[in-house]
Amino acid sequence: MTRSRDVREPGQLAGLKIRTIQSPIYVKAVELMGASPTPMAFGEVYTSLQTGVIDGYEHDASTTLQQRFYEVAGHMARTRHIAGVLGFFASSVGLARIPREFRAAIEQAAIDAAGEQRAMGPGEDAAATEQLASHGMTIRDIEGHLFQNAAERLWITESRTLDATQWLEAIRA
């Protein structure tokens, strides 16, 4: 989302100060897209946009709508570079406490829940995006492959550094 620049292609992100969360992977993602990442607490986004401290921020349509950020940001460039995922985690000690006959059902329930959660996203995103457009926000879809070369180089480097090339290959398969 940007205050005043209608971003239609990745090169137009150059020079923009884009707020992101204070996480190395998010900072790197914004940097790889060509913008200047600006880690900042979420509570500071509205006034920072209003006063020009930042030029934009990365977030989803629903949050933009709920927080009324459309009042201070007029443009959305949808890159879809981050997928919100939910995790279901348990330690081996915790799993050992669950009777064996229930484990398969729990695993299947987690898989089913993940599928349902992922299926809900596009409809919710479309509804929020429509509402943002009705508030006057300009919406642009940016093709993700336009950002992929820089990300690809990072994935290869990081997977080698972490000795995780087999994980990267499995994800791609």
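Here are some notes:
- Within segment 143-162, residues that are free of Cβ contacts under 8 Å to residues at least 24 places away in the same chain and within 12 Å of Ala29 (Cβ to Cβ) reach partners that are in a helix (DSSP H, G or I) and open to solvent by less than 90 Å² (accessible area, probe 1.4 Å) with beta carbons closer than 7 Å, at six or more positions or on different chains, in the pairs Trp155/Leu168.
- Residues of segment 1-18 that turn out to be closer than 20 Å to Ala151 by Cβ, under 18 Å from the mean Cα position of the chain (by Cα) and not in a loop (DSSP other than H, G, I, E, B), as a count: 3
- In segment 1-23, the residues that are open to solvent by 40 Å² or more (accessible area, probe 1.4 Å) and among the acidic types (Asp, Glu): Glu9
- Ala90 passes every criterion in (1) closer than 28 Å to Gly144 by Cβ; (2) open to solvent by 30 Å² or more (accessible area, probe 1.4 Å); (3) part of a loop (DSSP other than H, G, I, E, B) apart from (1).
- Residue within segment 116-138 that is of a type outside the set (Lys, Arg), in contact with a Gly (Cβ under 8 Å, 6 or more places away or on another chain) and assigned to a helix (DSSP H, G or I) present: yes
- Qualifying residue in segment 108-120 (condition: exposed (fewer than 14 other Cβ atoms within 10 Å of the Cβ), in contact with a Ser or Thr (Cβ under 8 Å, 6 or more places away or on another chain) and not polar (S, T, N, Q)): no
- Hey, Ala73 in contact (Cβ under 8 Å) with a residue 60 or more places away in the chain, open to solvent by less than 40 Å² (accessible area, probe 1.4 Å) and not in a helix (DSSP H, G or I) or not: yes
- Leu95 vs. criteria assigned to a helix (DSSP H, G or I) and touching a Pro at 6+ places or on another chain (Cβ under 6 Å): no
- Residue that is least open to solvent (accessible area, probe 1.4 Å), among those in segment 24-41 that are farther than 18 Å from Thr63 by Cα and assigned to a loop (DSSP other than H, G, I, E, B): Ala35
- Verdict on Gln166 being surrounded by 12 or more Cβ atoms within 10 Å (Cβ to Cβ), polar (S, T, N, Q) and assigned to a helix (DSSP H, G or I): no
- Hey, Gly144 open to solvent by less than 60 Å² (accessible area, probe 1.4 Å) and either among the acidic types (Asp, Glu) or closer than 15 Å to Ile82 by Cα (or both) or not: yes
The values are calculated or read from the model by the stated rules, or taken from the named source; none is laboratory data. On a predicted model such as this, the values are computed, not experimentally measured, just so you know. We place every Cβ from the backbone using ideal geometry, glycine too, and count neighbours over all the protein chains shown. When the accessible area is computed, the model is the full protein with side chains, heavy atoms only, and any ligands, DNA or RNA have been set aside. Shrake-Rupley method; radii C 1.70, N 1.55, O 1.52, S 1.80 Å.
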